[in-house]
Amino acid sequence: MNRVENFEALKALQVQESEKLNVREGLAPTQANLARHHVLICAGTGCTSSLSGEVKKELEAKLVEMNLDGEIDVVQTGCFGFCNLGPIMVVYPEGTFYTKVKPEDVAEIAESHLKGGQVVERLLYTIPGTETKAQDMSHIPFFQKQQRIALRNCGKIDPERIEEAIAHNAYQGLGKALTEMQPKDVIQTLLDSGLRGRGGAGFPTGKKWMFAAGYDADEKYVVCNADEGDPGAFMDRSVLEGDPHSVIEAMALGGYAINAHQGYVYIRAEYPIAVHRLQIAIDQAREAGLLGKNILGTGFDFDIDIRLGAGAFVCGEETALLTSVEGRRGEPRPRPPFPAEKGLWDKPSFVNNVETLANIPAIMTKGADWYTSIGTEDSRGTKVFAMAGKVNNIGLVEVPMGTTLRELIYDIGGGIPGGKAFKAAQTGGPSGGCLPASALDTPIDFGSLIKAGSMMGSGGLIVMDETDCMVDIAKFFLEFTQDESCGKCPPCRIGTKRMLEILTKITEGEGTEADIEHLETLAQTISASALCALGQTAPNPVLATLKFFKDEYEAHIKEKKCPAGVCKNLLQYTIDPEKCKGCTLCARNCPADAITGTVKQPHTIDPAKCIKCGTCIEKCKFGAISRQ
Amino acid sequence: MTCTCGQNQALYAQLDEVINAHKDQPGSLISVLHKAQGIFGYLPEEVQAYVAEKMDIPLSEIYGVVTFYALFSMNKKGKYTFNVCLGTACYVKGSGKLMEKLQEELGIGVGETTEDGLFTIEGCRCVGACGLAPVMTINDKVHGHLTVDDIPKLVNEYRELAKAEEN
Amino acid sequence: MEMVNVIIDGVQVQVEKGTTVLQAAQKAGINIPTLCYLKDVNAIGACRVCLVEIKGAKALQPSCVYPVSEGLEVLTNTAKVREARKAVVELLLSNHPADCLNCVRSGSCELQNLAQQMGIRENRFLGEQSVFPIDDRSVAIVRDPNKCVYCRRCEAVCSKVQGVNILGGIGRGFESTVGPAFGHNLDDINCSLCGQCVNVCPTGALAEKDDTQKVWAALADPDKHVIVQFSPAVRITISEEFGLPMGTISTGKMVAALRRLGFDKVFDTNWSADLTIMEEGNELLDRLQNGGVLPMITSCSPGWVKYCESHFPDQLDHLSTAKSPQGMFGAMVKTYYPETEGIDASKIYSVSVMPCTAKKFEAARPELADSGYRDVDVVVTVREIARMIKQAGIDFANLPDEECDAPMGVGTGAGTIFGATGGVMEAALRTVYEVVTGETLPKIDFEAVRGLDGLKEATVDLNGTKVKVAVVHTLARAKEMMKKVRAGEADYQFIEVMACPGGCVGGGGTPIVNALTRTMLPDDYRAIRGIGLYNDDKNLPLRKSHENPFIVKAYENFLGKPLGHKSHELLHTHYTPRKLYNLDLND
């Protein structure tokens, strides 16, 4: 792409490019020089894992074969959000939304739809509880309550073509700031917008920028935290995969606001696609003169380098992240001094997470008033959640702050699969908590979640049903924090180990009543004394489960039972002699030879030999084996 | 150690290129180690010492970095690394059981490699494919919606693949 | 300097801006407990023992790194603070071997002190302990990572003060520890064995290799003629082990104690320090006059020598070939001494008492056997000899002053000041000046090379030849100097390098000065010890090496002349270039 010389040229380019996209999406009449159909195929990690790349290749080959490649364009996009229906394909201008498209479906789509104009009905989404097929996204409940700001371009544009981002207003905010605003005005807009950090703690972003702007130094840095470490959260990855320019633009805005000329994106090495797309985007932005020297001819210089993480959850903590960007062991350090004063290489810096940054260009172009009209008083704007676990619709959803958990899980998520009962919603990852059914009407914003006993975190939302044991879940998180503890301070290094030991004891049926007290003491100690936020919040999953699910702990300790049937040591497998037909299938499959009995006679399980693997239950065709 | 002079020299020449490209960038150690691991497959002592000397960074610092980050390995890995996602979404969908089955099937623990050098088992944090939970990556390929019964099948599949590649 | 007012436990104090809460509290009369904090070395806020409540802050804050600001209100003694500190110490103890009774640091252990201070009588948080192998392969330093509390003080002193970077954080989480890369033997790698890590370790995780049993065994062997030498810094530092004020000279008591321990002869390393000056001083003159490699650099600090061998193997020509005082003494005590006294050299067992861990490595160097035997059989540090004196029940503080034995027991003030940074330089200048000019020094004290400044310089006029000298201490500064030397930018003729901060009085084998004491002393402890040595020098009758009659005699009767044939054979050595890392790529 040619260098965009100034803001006026950028505006003109936007108009020109957006016309093409309007044609693509059916918002403007077709033009002779443009393709008549555009087939958008999701190339996010989820869909790529379910072979969307093969689907795309197959389609391209088929179109060549059918001699349609001149009339139909195939476009790769970022994530649509509906990940468990992947690979997703959308055919424009109709907007037909195909789900679970396999390479072998491609021929039919090409012949029937692209050539014959007949939609392939069997690949459409069936609206739950009906026989109705949804023709496009607007008819799918999953999308109906969503409002996309951070994800505004994901699934709409080809992230590897800067022109498409520009069509959707990329770099307009930067152009406006560089030509019409003073750095302090940029910060003021951000302050007015009320935007709070999406990485976990919810610190006002404008304040971070203001503080960093307040220190004088020869060098300053803008750092993007793309070390999305919360297991089950992948919105940052999706933004980088689907709309990397939004992050680049926001970082450049940050550089202008605080007078920094270098930015770093610290990104997990586990996200190869995101790294690849981001690098392409940076290169394209540089080529277009939207990064590097003399951006848009304004004399402002700003560039960005990528730094890869190497597998350390603690590096999501901003001071640890900065240490890691410096190439060292990612250990956090005490604050103060805050990064605004002494950040990267001890220079004034700020660290913002990806989703936070992705909001900023929209705020700059549409204004703070627009942004404050969305969400709640406490938390402005929208929040992206990665909904997963025991919920029908798994994927990324972006909703206005203040949406309730119930709306998220039932209206958007489609409820719990298999007719099972909802037990808990885990938010905030290893730093957060599990909220019970009684908290389903909690509006989701920073304050309400904390009040309810959890926290926003980065937006992972894992739904659990009646078959999940909350003691086991608490143990799972403690295993995680223990494994990921950097080790610098004793409360986290040793304290979480001790908590894990106690939880293990309880799940193995060795717990005593004093253990709950010990857990609470340890939790308080760690919260009060650990060095970094990760350590301080490490006990949260235990505190939250103790608060809402104490009966489960007590069942493990007093009755030596796991009500959810998860904790192996506490399970007893028995065969109901009434139901057992003596088919011997269980006995033949038992790896421990714990099941005996003669053919056509009820069998029995020797509890001393039983290793509680559950194979017999899976094999029994008569439902005769139970686990309690 | 068997003599692999020629081969080694070629690998170290590649490493030199990486080091020269990064030498003047502040804080580039982790990037260099990533690439070194890409070249050698792992980060044995000789490689770490080489990086130390060429980049003028104390070996203790490099060793400290290598042992801090989970993605760096000082052991040679198998031809196929089975990486079971142990993120929350996968865990509640039974990835713990997949892990157990995999260890049973291969007769090795997490972080270990089978004697024939074919398989390494690892556990990882969320790969972000929660829609496909539970998932396991085998080298770069993501396998989703797995059940315990898929494990022996996958192991066999890759064993056959290795055999086919040998022939 | 801008002053700010802070309120600590209701007491208002005025302190400089930038002060930490910990320092401000001390001004308010409160010693907040610490563990990972070590003045001038380590302030990382990691151990969470010094937590306090800061008004307005949600979590408790580490006072060692929290900067004061105007109006800051701090509470150091609330129930919350006490409980948090106690719980943190309990957690540390839960992963610490409870073998205080067997531990070398029992009584001087900062973790033990904290447990007592917090009143811990039972531990609520017992559980699995990490298990690491004890590394006792080095001749000088023993590492027991099981006792490591991960305070990182050793890492900080090794990297920041010494710039050697041998010790670093390894692993993460519960298994985190500090050690050398790949767990290598410290002797085999580029560690200087300076022992600064031992001096800063709050527990028994790092300690000197204990060689006292070897000494006891020799003393008990009737066939052995056991002699002992003790170095300049020993006479000043030993006092602290017996409750005498820091900086007290205890030469006479030391001699008396050694004699009571059963040594057949008690000699003084000051004597061989004088000998070193004769050889080294003449070597300098020789290099100056005959176009030798300059600048010449001192070689009496064994930590420095090992460091130079592995980090600057291409610069070893700059090192003076003169052995260290310990080395010269070792060679002479098994040649000159038996010859004069008519003793069988093979029966002599030579013990040296040093402020230094690296001296153990020096004594074990294969090349230091010029007498035909091991020149020095065993080296014990000040801490070890103090333990022996205590074991023997000797009331050190009340001993009478006694004198060393002849012929190797008399040294000059020039020898004494070897123990402080700049001392070797000053001693050498006193002799070189008078040898070259033939005139008596107008002023014997070279103040310019005294004290704890990082780099000290002076110029001496030797009959019209200006000799520029420099003095550095700590290996980090030595490294800077050597970079200049390597680049040809070090415009000096003679450089003194001591590995340890403050010179030998700050050696890795001297009594440990704990973290709290370091903050309470009016001055750096090495400065106090050093001043003690300069006072000793001032009070000695002889203050120039070449005036030592026993040295003069040794040349007359045995050695011949400085740099002569016999000197070369016994008093000079060579150095071994070592690899920084073992990079055997072509194997």
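Okay, here's what the table says:
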quantity	calculated
Partner aspartates and glutamates for A:LYS581 [C-alpha distance under 17 Å; skip if fewer than 8 residues away on the same chain]	A:GLU618
Cα centroid separation - the range A:539-594 against the range C:93-137, whole Å	40 Å
Selection from B:PRO134, B:LEU98, B:GLY111, by position along the positive dipole direction of the range B:80-166 (Cβ)	B:PRO134
Peptides ranked, highest mean first, by Cβ atoms within 10 Å: ranges A:1-13, A:305-317, C:382-394	A:305-317, C:382-394, A:1-13
Cα-based reach from A:LYS451 at 14 Å (exclusive), listing aspartates and glutamates while leaving out same-chain residues under 8 positions away	A:ASP378, A:ASP441
Cα principal axis extents for the range C:183-282, largest first, Å	41, 41, 35
Within the protein assembly as shown: Cβ-based charge dipole about Cα centre, in debye rounded to nearest 20 (Lys, Arg +1; Asp, Glu -1)	2260 debye
Dmax and Rg, reported as Rg then Dmax, of chain C (C-alpha, Å)	24.8, 79
Highest to lowest packing among A:19-28, C:177-186, scored as the average C-beta count within 10 Å	C:177-186, A:19-28
A:ASP136-C:MET1 FRET efficiency (beta carbon distance; Förster radius 56 Å; 0.05 resolution)	0.20
Cβ-based charge dipole, chain C, positive-most Cα from C:CYS103, C:ALA499, C:ILE528	C:CYS103
Over the range C:212-571, relative contact order from alpha-carbon pairs under 8 Å, at least 6 apart, %	26 percent
Cα centroid separation, the range C:178-219 to the range A:377-441 (Å)	57 Å
Cross-link pairs beyond the 22 Å C-alpha cut-off, checked among C:LYS214/C:LYS347; C:LYS27/C:LYS147; C:LYS334/C:LYS359; B:LYS77/B:LYS101	C:LYS27/C:LYS147
Between 0 and 90°, nearest 10: helix B:59-68 axis offset from chain B longest Cα axis	10 degrees
Low-density loop positions, GluC sites (Glu not before Pro), the range C:1-71 - DSSP coil, at most 11 other Cβ in 10 Å	C:GLU2, C:GLU70
Principal axis dimensions, largest first and in whole angstrom, of the range A:20-73 by Cα	35, 26, 10
Within chain C, helix-based [θ] at 222 nm, where runs of 4 or more DSSP H residues each add -39,500 (n - 2.57), nearest 500	-9500 deg cm²/dmol
Cβ charges +1 (Lys, Arg) and -1 (Asp, Glu), total dipole of the range C:350-442, debye	480 debye
Full-extension gain in nm, C:ASP401 to C:LYS224, via 0.36 nm per residue minus C-alpha separation	61.1 nm
Cα-derived Rg to Rh of the range A:572-627, Kirkwood definition	0.89
Å³ per residue enclosed by the Cα convex hull of the protein assembly as shown	219 Å³
Given charges at Cβ of Lys, Arg, Asp, Glu: chain C dipole, positive-most of C:GLY127, C:ASN548, C:HIS318	C:GLY127
Cα-based Lys pair tally, the range A:162-372, threshold under 17 Å, eight or more apart or on separate chains	13
Fewest-first sequence of A:MET137, A:MET387 by Cβ atoms within 10 Å of each Cβ	A:MET137, A:MET387
Hits among aspartates and glutamates - C-alpha to C-alpha of A:LYS62 under 15 Å, sequence gap 8 or more where chains match	A:GLU54, A:GLU71, A:ASP73, A:GLU104, A:ASP105, A:GLU108, A:GLU111
Global form of the range C:478-587, assessed from the alpha-carbon gyration tensor, a/c cut-off 1.5	oblate
Peptide-level mean, for A:222-234, of C-beta atoms on other protein chains within 10 Å	4
Hydrodynamic radius by Kirkwood, which averages 1/r over all alpha carbon pairs of the range A:506-628, in angstrom	16.8 Å
Loop-located GluC sites (Glu not before Pro) in the range A:453-540, at most 16 other Cβ atoms within 10 Å (DSSP)	A:GLU466, A:GLU508, A:GLU510
Dipole magnitude of chain A, debye to nearest 20 (Cβ charges: Lys/Arg +1, Asp/Glu -1, about Cα centre)	1360 debye
Inter-chain shielding of B:145-156 (mean C-beta neighbours from other protein chains, 10 Å cut-off)	1
Within 10 Å of each Cβ in B:46-59, the average number of Cβ atoms from other chains	4
Taking the range C:424-465 and dividing mean pair separation by its residue count, relative contact order in percent (alpha carbons under 8 Å, at least six apart)	35 percent
Ascending count of other beta-carbon atoms within 10 Å, so fewest first, for A:GLU131, B:GLU17	A:GLU131, B:GLU17
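We did not get these values from a lab; they are worked out from the coordinates using the rules stated. Being a predicted model, the structure only gives us computed values, none of them experimental. Cβ: placed from backbone, ideal geometry, glycine included. Neighbour counts: every protein chain shown.
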